[in-house]
1. For segment 28-122, just say rounded, prolate or oblate: build the C-alpha gyration tensor, square-root its eigenvalues into a ≥ b ≥ c, call rounded for a/c under 1.5, and beyond that prolate if a/b exceeds b/c, oblate if not.
2. Rounded, prolate or oblate: which one fits segment 142-208, using the alpha carbon gyration tensor with axes a ≥ b ≥ c (rounded when a/c is under 1.5, else prolate when a/b beats b/c, else oblate)?
3. A 25 angstrom limit on the alpha carbon distance is what I want to check against. Which of Lys10/Lys141; Lys73/Lys141; Lys72/Lys174; Lys73/Lys176 exceed it?
4. Set Lys and Arg Cβ to +1 and Asp and Glu Cβ to -1, take the dipole of the chain about its Cα centre, and tell me which of Gln118, Ser162, Leu80 lies farthest positive.
5. Quick one: net charge around Ala67, please, counting Lys, Arg +1 and Asp, Glu -1 for every other residue with C-beta under 15 Å from its C-beta.
6. Rounded, prolate or oblate: which one fits the chain, using the alpha carbon gyration tensor with axes a ≥ b ≥ c (rounded when a/c is under 1.5, else prolate when a/b beats b/c, else oblate)?
Amino acid sequence: MTSFLGIKEKGHVTPGANQTMVVSGAAGACGSLAGQIGHLEGCSRVIGICGTDEKCSILVSEMGFDAAINYKKGNVAEQLHELCPVGVDVYFDNVGGDISDEVINQMNQNSHIILCGQISQYNKDVPYPPPLPPAVEEIQKARNITRERFLVLNYMDKQETSILQLCQWIKKGKLKVRETVVKGLENIGGAFQTMMTGGNIGKQIVLVSE
């Protein structure tokens with residue numbers, strides 16, 4: 001729901017407009033769905049950013065991403081420039097920090113940031129959304145890039161139709177949902193820690209009962 005409504009309400013995706021979407025934290029619960037939904041809503045190209053080669057492979061082979069970048073390898077800015085030759089129109093931001101700064105540097109005029117999360121900033125004593133570095137903020141303002149927080153609970157009137165659409169896509173095999181499952185409530189602490197450090201692919205689940 002967060003991925004779907006984030007894209008619908010803050011992404012301004014227009015079918016046929018040849019838009020490029022970039023998703024950070026792309027192998028997580030929201031990111032892995034956001035990239036797929038971006039395509040389904042009309043983006044012509046979707047690029048994911050994540051932290052392992054395995055995740056990159058899954059995003060492309062299973063989730064339909066056009067390409068994926070392992071931010072721990074190589075130069076992210078150079079790879080973005082190569083994979084997004086006409087710039088970035090929509091950025092589904094799950095991480096904030098340096099990676100987001102690199103994406104914003106390559107965003108087009110009148111483009112849109114979907115501010116879903118800022119996981120790299122959560123332990124810092126900063127407001128939400130965290131302020132951008134002055135040079136990046138200047139780019140945001142000069143290019144009229146939207147960057148607004150959103151809460152999925154603010155769109156309760158759209159919940160029923162959103163669930164219906166998501167279910168239809170899942171039933172038709174157009175939307176693939178991955179889960180990382182750990183058994184036992186006693187393992188919830190470890191599962192949370194794994195999720196916060198990027199050890200999961202898709203939604204991190206703790207199974208407490210069969």
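1. On the way: a/c = 1.16, a/b = 1.05, b/c = 1.10.
Here segment 28-122 falls in the rounded category.
2. Working: a/c = 2.07, a/b = 1.37, b/c = 1.51.
Oblate shape, in that a/c is at least 1.5 and b/c is the bigger or equal ratio.
3. On the way: Lys10/Lys141 17 Å; Lys73/Lys141 30 Å; Lys72/Lys174 30 Å; Lys73/Lys176 27 Å.
The answer is Lys73/Lys141; Lys72/Lys174; Lys73/Lys176.
4. Final value for the positive-end residue is Ser162.
5. On the way: positive: Arg45, Lys55, Lys73; negative: Asp53, Glu62, Asp66, Glu78, Glu82.
Local net charge: -2.
6. Values: a/c = 1.43, a/b = 1.25, b/c = 1.14.
It comes out rounded by the Cα gyration axes.
Taken together, the values in this text are just the output of simple stated rules run on the coordinates, not laboratory data. The structure displayed is predicted, hence computed values, not measured ones. With ideal geometry, Cβ positions are generated from the backbone for all residues, glycine too; neighbour counts draw on all protein chains shown.
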